[in-house]
Amino acid sequence: MANHKSALKRIRSNEAKRVRNKYQHKTTRNAVRKLRALTDKKEATELYPSVAGMLDKLAKKNIIHKSKASNLKSKLAKHVNSL
């Protein structure tokens, strides 16, 4: 058990950040799945910028690696263009 007030606060803040990161990551993964499932080009082109922004935000906050975000964005762009 932590012996300092600052350590107790760190435990609380780490848990809050973990839950927030988990929520954002899961939301983004669901958005990626939704975009991949689309077959209408108009809908996909409207959804792509917001999904790309979500991926960039996760990469900026080091929730996912920046290369993973780039790879996902590239594959999604190819999918949208192929519709």
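With a cut-off of 8 Å between alpha carbons and a minimum separation of six or more residues, what is the relative contact order of the chain in percent? Please list the in-between numbers first.
Values: 39 pairs, mean separation 24.8, N = 83.
Contact order relative to length: 30 percent.
What number, rounded to the nearest 500 deg cm²/dmol, is the helix-based mean residue ellipticity at 222 nm of the chain, given -39500 (n - 2.57) per DSSP H run of at least four residues and division by all its residues? Working shown, then result.
Values: 3 runs with 70 residues, N = 83.
Calculated at 222 nm, the ellipticity per residue is -29500 deg cm²/dmol.
Please name whichever of S82, L58, A44 sits farthest to the positive end of the charge dipole of region 29-83, dipole taken about the Cα centre and charges placed at Cβ: Lys and Arg +1, Asp and Glu -1.
After comparing all options, I get L58.
If r is the Cβ-Cβ distance from H4 to K26 and R0 is 41 Å, what FRET efficiency results, to the nearest 0.05? It would help to have the intermediate numbers written out before the result.
Working: r = 33 Å, r/R0 = 0.80.
For H4 and K26, the calculated efficiency is 0.80.
Longer than 19 Å from Cα to Cα, which of K41/K73; K17/K57; K9/K66 are they? Say none if no pair is.
On the way: K41/K73 16 Å; K17/K57 15 Å; K9/K66 30 Å.
Over 19 Å Cα-Cα: K9/K66.
Using a simple spin-label model with points 7 Å from Cα along the Cα→Cβ vector, what separation in nm is obtained for K42 and S67?
About 4.0 nm, to one decimal.
Quick one: which residues, 5+ away or cross-chain, put their amide H under 5 Å from the amide H of I64? H built at 1.01 Å from N.
Under 5 Å from the amide H of I64 lie the amide H atoms of A59, each far enough along the sequence or on another chain.
Measure off 7 Å from each Cα along the Cα-to-Cβ vector at K34 and K75, then give the distance between these two points in nanometres to one decimal.
Modelled inter-label distance: 1.9 nm.
Add +1 for every Lys or Arg and -1 for every Asp or Glu among the other residues with Cβ under 12 Å from the Cβ of P49, and state the total.
Working: positive: K73; negative: E46, D56.
In short, -1.
Every read-out reported here was derived from the displayed coordinates using simple, explicitly stated rules and does not represent laboratory data. Just so you know, these numbers come straight off a predicted model, no measurement behind them. Here the Cβ is made from the backbone with ideal geometry for all residues, glycine too, and neighbour counts use every protein chain on show.
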